[in-house]
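Since the structure comes first, as structure tokens, the remarks are kept for the end.
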Amino acid sequence: MTADTAEHGEPGPLTLDTLRELLDEFADLPGDTPVILSEDAEGNGYSPLAGGDRVLYLAETAYSGEVYDLPEEDAEEGDVDEDDEVPEDAVPAVVLYPMN
């Protein structure tokens, strides 16, 4: 499973609901099974999953965009900077980070 199909039939980004369904398919695997991320869609390299964050995401194209820290997290960390203004159309998202 790689991407959801949008209403118009073209691939869209994988949603959290689809990821949950995908993870159900792996429920029989042991808990210590590593999670590995592909470097790109063609599988030209791989790296273990290092972690993830809740963010705000603004798509610039169908395949890339920018992430922004959640404003409440910046405020908790005392890292409020007017230059880091989040665009109004940024949406909540989950970002996953490879080890390298």
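The values are calculated or read from the model by the stated rules, or taken from the named source; none is laboratory data. Bear in mind the structure is a predicted one, so any value in this text is a computation, not a measurement. Cβ placement follows ideal geometry from the backbone for every residue including glycine, while neighbour counts extend to all protein chains displayed.
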Can you find even one residue in region 3-26 that is at pLDDT below 95, touching a Leu at 6+ places or on another chain (Cβ under 6 Å) and part of a loop (DSSP other than H, G, I, E, B)?
yes
Can you tell me how many residues within region 58-88 are at pLDDT below 90 and not hydrophobic (A, V, I, L, M, F, W, C)?
14
